[in-house]
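J.: Please see the structure below; I have some questions.
The values are calculated or read from the model by the stated rules, or taken from the named source; none is laboratory data. Quantities reported herein were computed from a predicted structural model and do not represent experimental measurements. Positions of Cβ are generated from backbone atoms using ideal geometry, with glycine treated the same way; all protein chains shown enter the neighbour counts. In case anyone asks, the SASA skips ligands and DNA or RNA and just uses the protein heavy atoms, side chains included. Shrake-Rupley method; radii C 1.70, N 1.55, O 1.52, S 1.80 Å.
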Amino acid sequence: MKVKPFYQPPSLLFRQAQSVLNFARLIKWEKLPSWLFNSGFKCLPVANGSLGMGCIGYPFHPVWEMTTGCNLKCIHCHASAGRRRPDELTTEEGKKLIAEIAKIEEFRMLVFTGGEPLVRPDLFTLLAYGQSLGFNLMIATNGTLIDEKMAKELKRYGVVGLAISFDHPDCKVQNYIRGKEDAFELALRGIRACRKAGLALQMNVTAMQYNFSALSEIVDFAEKEKSDILLMYQLVPVGRGKNLQDVVLNRKENEKLLTFLSQKQRKIRTIIEPVAGPQYWAYLLSQNGKNNGTYLKRVEKVFYGCTAGSGIVYIKPNGEVWPCPFLEIPAGNVREKPFSEIWRTSPLFNNLRRKKETLKGRCGICEYRTICGGCRGRAYAYAGDYLAEDPSCFLR
């Protein structure tokens with residue numbers, strides 16, 4: 001029996017609209033009407049329950065990395081995916097986790113990711129269970145296992161959108177990054193199958209030295225393929241990315257990237273949101289002279305910057321609960337404590353939710369700390385302290 005998604009009250013819809021309109025005003029986004037008409041209604045279910053815009057999408061945003069199994073071996077994979085872990089949550093444990101997530105009123109959608117979630121044999125069982133509880137479901141995938149038949153089947157099981165990774169419009173570079181000879185062609189097939197099935201299409205790009213000079217081409221490619229959303233990640237040196245320190249963007253390149261995104265956004269329909277670049281919203285405000293205290297207090301309700309532990313929560317295959325995929329600190333394990341208890345009472349999460357009081361260094365004294373907060377994953381990767389200042393920040 002098909003279940004209707006969680007009811008989304010008008011107040012939440014208004015908050016979603018308010019965040020997009022504030023963003024459009026700051027960017028001077030010429031294609032907003034086109035995006036609203038072509039993508040807005042497809043993206044509303046994906047953002048079901050959201051309260052604004054932040055790093056890695058929006059609050060509230062539960063993500064389950066259901067397996068480390070993957071058919072690719074990407075050079076920058078934060079999960080170091082390849083083989084399945086022997087201690088991954090079982091089907092019954094997965095159902096228990098989904099039921100626990102459903103107890104939290106803020107969580108109205110759920111993301112399945114990996115590794116590659118499509119290699120997990122019980123995926124459709126777990127999708128069906130999530131659908132039965134009313135969740136709108138999203139799958140983050142490399143796209144290579146998705147054809148038109150698979151896209152239709154995923155939609156039938158309650159999936160409202162696919163987030164497909166794609167790092168370069170040159171097939172040779174894409175295949176090198178992904179570690180598979182035909183990764184480009186197969187991912188492109190997945191992108192087009194997603195669009196044909198009427199699912200919301202999100203393309204995930206990781207900005208690094210391998211593709212930094214081609215960012216404009218990449219965004220143009222996403223626009224050409226009619227991607228509704230583009231998440232522009234910055235490489236954070238975790239997982240296999242620890243071996244790629246020499247291709248991580250530096251402070252000047254972070255500024256150059258965010259400047260480029262703000263300028264490029266004005267002329268394209270696809271909406272771009274940066275990941276691991278929470279300075280974006282503060283940068284937009286400063287460029288528009290909107291950095292006075294009164295205005296900042298108002299937009300705190302729609303721009304969140306880093307949402308690790310406050311908007312996004314990330315469950316690892318073995319049941320560990322992390323604030324985000326790049327902040328490798330467990331707040332607890334769902335095998336030992338109910339997920340809802342970890343989410344509500346974890347000291348780690350509570351520290352991340354009190355940015356004004358807990359952040360250190362330049363981040364701790366910055367007027368933008370509530371709408372930015374710095375990348376906590378990058379702070380931890382470089383300083384070993386998740387509350388330290390973000391070394392890539394160019395605002396101060």
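J.: In the range 15-159, carbon and sulfur make up what percent of the accessible area (probe 1.4 Å)? Intermediate values should be presented prior to the final figure.
T.: Numbers: 3160 of 5550 Å².
C and S fraction of accessible area: 57 percent.
J.: Would you tell me the accessible area of residue 176, worked out with a 1.4 angstrom probe on the heavy atoms of the protein chains, in Å² to the nearest 10?
T.: Accessible area of residue 176: about 120 Å².
J.: If you roll a 1.4 Å probe over the range 241-350 with all protein chains in place, what percent of the accessible area is carbon or sulfur?
T.: That fraction is 46 percent.
J.: Could you check the simple spin-label distance between residue 295 and residue 243, using points 7 Å along Cα→Cβ, in nm with one decimal?
T.: The modelled label-to-label distance comes out at 4.7 nm.
J.: According to the Kirkwood expression over distinct Cα-Cα pairs, how big is the hydrodynamic radius of the range 180-231, in Å? If you can, show how the numbers build up before the last one.
T.: Numbers: mean 1/r = 0.0847 Å⁻¹.
11.8 Å is the Kirkwood radius here.
J.: When the convex hull of the C-alpha atoms of the range 291-332 is computed, what volume per residue in Å³ does it have?
T.: Details: hull volume 3.3 nm³, N = 42.
Expressed per residue, the convex hull around the Cα atoms of the range 291-332 is 78 Å³.
J.: Where only protein heavy atoms count, and the probe is 1.4 Å, what is the accessible area per residue for the range 234-391 in Å²?
T.: Working: 6050 Å² over 158 residues.
Averaged over the residues of the range 234-391, the accessible area is 38 Å².
J.: Run the paramagnetic zone check for residue 212: 7 angstrom along Cα to Cβ, then residues of the range 358-396 with backbone nitrogen under 16 Å.
T.: Output list for this probe position: 391-394.
J.: Would you please give the FRET efficiency between residue 99 and residue 17, computed as 1/(1 + (r/R0)^6) with r the Cβ-Cβ distance and R0 = 41 Å, to the nearest 0.05?
T.: Computed FRET efficiency for residue 99 and residue 17 comes out at 0.85.
J.: Sticking with this structure for a sec: So what are the range 49-94's ellipsoid semi-axes, whole angstrom, largest first, if each one is the square root of 5 times an eigenvalue of the alpha-carbon gyration tensor?
T.: Numbers: eigenvalues 132, 60, 7 Å².
Result for the range 49-94: semi-axes of 26, 17, 6 Å.
J.: Expressed as a fraction of 2.2 N^0.38 Å, the rule-of-thumb size for a compact globular protein of N residues, what is the C-alpha radius of gyration of the range 158-304? Don't jump to the answer; show the numbers that get you there.
T.: Details: Rg = 16.5 Å, N = 147, 2.2 N^0.38 = 14.7 Å.
Against the empirical 2.2 N^0.38 Å value, I get 1.12 for the range 158-304.
J.: Another question, if that's okay. Which distance in Å, rounded to a whole number, links the C-alpha centroids of the range 271-328 and the range 28-58?
T.: 16 Å
J.: Let me ask something additional. Can you tell me the order of 265-271, 61-67 when each peptide is scored by its average per-residue count of other Cβ atoms within 10 angstrom, highest first?
T.: Numbers: 265-271: 19.9, 61-67: 24.3.
Result, highest mean first: 61-67, 265-271.
J.: Put a dot 7 Å past each Cα toward the Cβ at residue 362 and residue 340; how far apart are the dots in nm?
T.: 4.2 nm
J.: Here's another thing I want to ask about it. Between their Cα atoms, which of 95/337; 73/242; 103/196; 28/356; 297/360 are more than 26 Å away from each other? Kindly include the intermediate steps, with their values, before the conclusion.
T.: Working: 95/337 15 Å; 73/242 15 Å; 103/196 34 Å; 28/356 30 Å; 297/360 21 Å.
103/196; 28/356, as the Cα separations exceed 26 Å there.
J.: Continuing with this model, one more query. Which log10 I(q)/I(0) values, to two decimals, does the range 257-396 give at q = 0.10, 0.12, 0.15 Å⁻¹ under the Debye formula with one point per Cα?
T.: Values, matching the q order: -0.36, -0.51, -0.76.
J.: I need the peptides 20-31, 344-355, 285-296 ranked by packing, meaning the mean over residues of other C-beta atoms within 10 angstrom, with the highest value on top. The partial results should precede the final answer.
T.: Values: 20-31: 18.0, 344-355: 16.4, 285-296: 13.1.
Ranking the peptides 20-31, 344-355, 285-296 by packing returns 20-31, 344-355, 285-296.
J.: Over all directions, the average projected area of the alpha-carbon convex hull for the range 254-294 comes to how many nm²? Walk me through the intermediate numbers first.
T.: Numbers: hull surface 13.4 nm².
Value for the range 254-294: 3.3 nm².
J.: So, one more: Calculate for the chain the 222 nm mean residue ellipticity that helices alone would give, adding -39,500 (n - 2.57) per DSSP H run of length 4 or more and normalising by residue count, nearest 500 deg cm²/dmol.
T.: On the way: 17 runs with 153 residues, N = 396.
Roughly -11000 deg cm²/dmol at 222 nm, from the helical runs in the chain.
J.: Calculate how large, on average over all directions, the projected area of the Cα convex hull of the range 90-215 is; give the answer in nm² to one decimal. Show your work: numbers first, answer last.
T.: On the way: hull surface 33.4 nm².
Hull-based average projected area comes out at 8.3 nm².
J.: Between residue 122 and residue 288, what is the FRET efficiency for a Förster distance of 41 Å, r being their Cβ-Cβ separation, to the nearest 0.05?
T.: Details: r = 49 Å, r/R0 = 1.18.
Between residue 122 and residue 288 the formula returns 0.25.
J.: Next question. Anything in the chain that counts as a DSSP H helix reaching 15 Å or more along its axis (C-alpha) with Kyte-Doolittle mean of at least -1.0? List them, would you? If you can, show how the numbers build up before the last one.
T.: Working: long enough: 10-27 (25 Å, 0.58); 91-102 (17 Å, -0.25); 183-196 (20 Å, 0.11); 251-265 (21 Å, -1.40).
Correct list, ordered by number: 10-27, 91-102, 183-196.
J.: Looking only at the range 44-80, which residues have a backbone nitrogen under 15 Å from a spot 7 Å from the Cα of residue 133 in the C-beta direction?
T.: The answer is 61-66.
J.: Which residues among the range 278-297 fall inside the zone where the amide N is under 17 Å from a point 7 Å beyond the Cα of residue 25, along Cα→Cβ?
T.: Counting only backbone N, you get 281-297.
J.: In addition: How much of the accessible area of the range 357-396, in percent, comes from carbon and sulfur atoms when a 1.4 Å probe is used? List each step's numbers first, then the result.
T.: Numbers: 820 of 1560 Å².
The value for the range 357-396 is 52 percent carbon and sulfur by accessible area.
J.: Tell me, Kirkwood radius of the range 316-373 from alpha-carbon pair distances, in Å? Before the final figure, lay out the partial values.
T.: Numbers: mean 1/r = 0.0800 Å⁻¹.
Taking every pair of different Cα atoms in the range 316-373, averaging 1/r and inverting gives 12.5 Å.
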